Amino acid sequence: MAQTLEFLIATPIILGMGESIYLPGAVTIVSRFFAPAERGLPSGIFNRGARFDLAIGAPLVGWLIIRHGWRHMFLLVGLVGLIWLVPWLTIFPRTLPEKSSQPKSLLSASSR
């Protein structure tokens, strides 16, 4: 629990600063990998995933805390993030393509 009012105020501010990159990062990735006419589907998938996490993740985390305690929930959520990091680092390219008005289309390339 928060020991002081300052800690209680600072914690969500720090969390918000850390999470603030997800939307601009996703927009950058989509704009670099998909042509303008094809950006709707990848953007929609990303946004749906974020909403799914809020709808399913919050109740699941609450249940885990009640059932197993916050320490186990913290470890499980962290472990899931680390497991997800492995395929992300193997699949996602190390550098983004240069920004251009007509980026290479991933959807067109995969349908050939």
I83, sole failed condition from (1) free of Cβ contacts under 8 Å to residues at least 12 places away in the same chain; (2) more than 30 Å from R32 (Cβ to Cβ):
(2)
The residue that is surrounded by the fewest Cβ atoms within 10 Å (Cβ to Cβ), considering only those in region 1-32 that are touching a Leu at 6+ places or on another chain (Cβ under 8 Å) and within 21 Å of S43 (Cα to Cα), is T28
Taking region 1-26 on its own, how many of its residues are among the small types (G, A, S), part of a helix (DSSP H, G or I) and modelled with pLDDT under 85?
1
If you check V61, V86, which single one turns out to be assigned to a helix (DSSP H, G or I), at pLDDT below 90 and of a type in the set (V, I, T)?
V61
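The values are calculated or read from the model by the stated rules, or taken from the named source; none is laboratory data. The structure displayed is predicted, hence computed values, not measured ones. We place every Cβ from the backbone using ideal geometry, glycine too, and count neighbours over all the protein chains shown.
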